Amino acid sequence: MTRPIRFVGGLLALAAIVVLEGCSYLRASSGDTLALAQATEPTQPEIVAADIATHVAALTAPIMEGRMSGSAGERVAAEYLKRAMERLELEPAGDDGDFLHRFTFTSGVALGANNTLSIAPSGDASDPESVALEIQRDWRPLAFSRSDRFTKSQIVFAGYGIVAPASGDSQSINEYAQIEAQDRWVLVFRGMPSEIEGDRRQHMQRHVSLRHKAMVARDHGARGILFMSGPLGQFREQLVPLRFDASLAGTRIGALALTDSAASKILAAGQDEGEGEGPDSGTPALESIQAETNRQLLALLKGQRISPDASTRSTAISAAKGVTIEGRIDLETIRATGHNVVGRLQIGPEPSAQTIVLGAHFDHLGFGETTGSLASGSDVGRMHPGADDNASGVAVLLEVAEALRAARDAFDTGDTGDVGDEDGAIGSRDFIFAAWSGEELGLLGSDAWARENINPHSNDSGPVAYLNFDMVGRLRNELIVQGLGSSPAWQALLDSAAEKSPLAIARQQDAYLPTDVTSFYTQGVPVLAAFTGVHSEYHTPGDLPELLNLEGTAQIAQLFMGIASEISRGESPPPYQAQQRPASGQTRAGFRVFLGTVPDYAQTDLVGVRLSGVAPDGPAESAGIQSGDLIIKVDERTIENLYDYTYALQALRVGESARIVVERAGDPLSFEVVPISRD
């Protein structure tokens with residue numbers, strides 16, 4: 001979809017907000033606004049597939065624009081959920097007597113007004129005439145680049161800019177071995193040669209991302225890095241899109257993308273007259289350089305000896321050394337407000353001290369603007385409706401809320417009928433129903449709410465259990481229930497509820513999951529999560545309502561309604577159980593080693609990695625590291641952002657001590673941490 005159309009959609013979304021806030025009933029003028037009106041229409045008190053379909057259809061409507069956190073579409077979705085909770089007669093549990101709980105975050109970057117870039121030969125000629133490169137046509141800064149003016153500096157060519165250790169039959173690679181990068185800009189190709197296949201390609205994959213190459217350049221003393229696609233790179237766009245990953249901060253060096261034409265100008269500017277193919281030769285010269293670079297890199301991986309002295313690549317190294325670059329990178333940070341929607345179902349005459357929180361994130365990926373999108377081909381730029389991820393979970397949340405409200409009311413009147421349980425009551429602890437935003441950007445919304453509402457040192461008041469619904473719409477053979485290791489009470493509770501359910505259940509112990517449960521578990525709250533598995537439409541525009549198993553989703557809602565009621569009725573809340581290590585395969589990073597540190601994904605403006613929590617009894621906590629510490633070094637590797645930290649962890653070994661330096665209250669502290677194994 002084109003940008004002008006999306007802008008019109010945003011205006012429609014804002015208009016719908018005004019209508020919603022001014023009227024109790026929305027008179028629909030289009031199919032999109034009709035979806036919003038469904039928030040005030042009656043649904044059945046019991047859990048049924050038809051009501052789940054209604055909520056999913058509304059949340060995936062075009063007017064929601066993919067529900068990106070902080071967007072107009074997210075605001076419309078929040079208003080829909082607010083109206084739905086009002087209709088269910090929940091009490092507002094957000095800010096200042098409202099259903100909305102707001103949080104601010106860094107939502108992206110944009111080009112400032114002062115981006116300039118010029119190149120010039122650096123020979124003996126005094127004050128040579130420079131060549132200005134045009135922003136957006138010839139070059140573009142990367143989202144994680146440093147913003148600053150930079151003085152004239154030399155350029156050096158480093159092939160693909162890869163530094164990688166040996167693995168299996170692949171030899172070690174160090175493309176910086178032949179060059180001096182200190183105080184220079186490094187010119188490199190994106191990615192890796194297409195000729196690298198199989199196990200070698202899998203091994204190299206972690207060393208070829210843009211961020212990793214920028215980190216390597218920084219560690220070699222470079223002032224900046226210049227990425228070119230190259231004619232053999234087969235990239236869809238020669239200039240890297242300005243896409244922001246809100247979970248990762250920037251780096252202290254410049255990082256730019258160049259078109260092949262601009263890269264050719266750099267190499268041509270460094271050649272003496274008559275050398276090479278000249279400034280008008282365009283990409284053929286660059287293609288020759290890339291082909292020779294590919295050949296040499298593949299030979300090195302195979303352990304073959306090469307003689308690069310007279311090669312085309314050697315010519316490129318010499319040419320790049322004859323060029324200087326100067327200019328200014330101007331990126332503006334965009335701040336946004338996200339909206340959680342939180343309601344409370346009060347069971348008794350007074351609010352209970354202890355509560356049970358049920359949650360599901362309603363945000364998604366918009367039109368795929370962030371790095372989370374897996375869209376390809378013609379799907380790039382299209383709206384990501386997120387039917388399974390996670391309109392399905394929000395629909396379950398609302399259905400459970402409505403069924404529990406009906407059960408409470410029936411017990412109060414003495415008419416339990418079909419909505420009460422065998423004992424007639426649903427317990428004494430109140431329920432908090434939370435629709436989170438910011439999950440796709442790093443659990444931002446749930447983390448913000450948990451920080452404000454949980455005392456990790458006591459469960460006398462506040463949340464005593466958290467139940468999560470994330471991607472529960474594609475039930476096939478069995479429901480996956482995760483987090484059983486977070487409390488010794490879960491097995492029996494799940495067994496009891498499962499006896500009344502037709503669902504086949506796969507049980508997983510891990511409570512460290514890449515979803516909102518982590519915001520609660522790291523604060524000392526037992527968690528359970530429902531999940532029906534990933535699929536080929538995950539994080540693409542193909543995640544559509546018609547692919548959902550609505551009957552299966554309703555069965556999941558029934559199961560967790562029973563679990564929630566049991567917790568509310570229980571004499572004591574589920575006891576918290578610390579996990580020393582996650583089960584294999586259930587963590588976001590997929591490392592073999594485990595430290596038990598939980599980064600704060602919301603802190604994008606810090607140099608270092610702030611911890612929002614540490615796993616109880618994990619290696620980090622045992623060594624003395626605390627929640628709130630700012631990690632700045634791991635085994636002498638400087639940590640500026642989460643990306644640095646990710647690669648530092650990959651270098652650690654099980655059972656071998658690592659030195660981690662943190663800042664606490666402004667003071668550096670050093671700890672020896674011994675990683676343990678995940679498997």
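The values are calculated or read from the model by the stated rules, or taken from the named source; none is laboratory data. These numbers come from a predicted model, not from an experiment. Because the Cβ atoms are built from the backbone with ideal geometry, glycine has one as well, and the counts that use them run over all protein chains shown. We work out accessible area using only protein heavy atoms, side chains counted, and drop any ligands, DNA or RNA first. Shrake-Rupley method; radii C 1.70, N 1.55, O 1.52, S 1.80 Å.
As an exercise, identify the GluC sites (Glu not before Pro) in segment 626-679 lying in DSSP coil whose Cβ has no more than 11 other Cβ atoms within 10 Å.
636, 656
For segment 190-225, which trypsin sites (Lys or Arg not before Pro) are both in a DSSP coil and crowded by at most 14 other Cβ atoms within 10 Å?
206
So which GluC sites (Glu not before Pro) in segment 170-200 are both in a DSSP loop and have at most 16 other Cβ atoms within 10 Å of their Cβ?
The qualifying sites are 180, 195, 197.
Before anything else, pin down the relative contact order of segment 439-526: Cα pairs under 8 Å, at least 6 apart, normalised by residue count, whole percent.
After rounding, I find 42 percent.
Cβ neighbours within 10 Å, averaged per peptide: list 354-361, 401-408 in order, most packed at the top.
354-361, 401-408
Carbon and sulfur atoms: what percent of the 1.4 Å accessible area of segment 451-492 do they account for?
It is 41 percent, rounded to a whole number.
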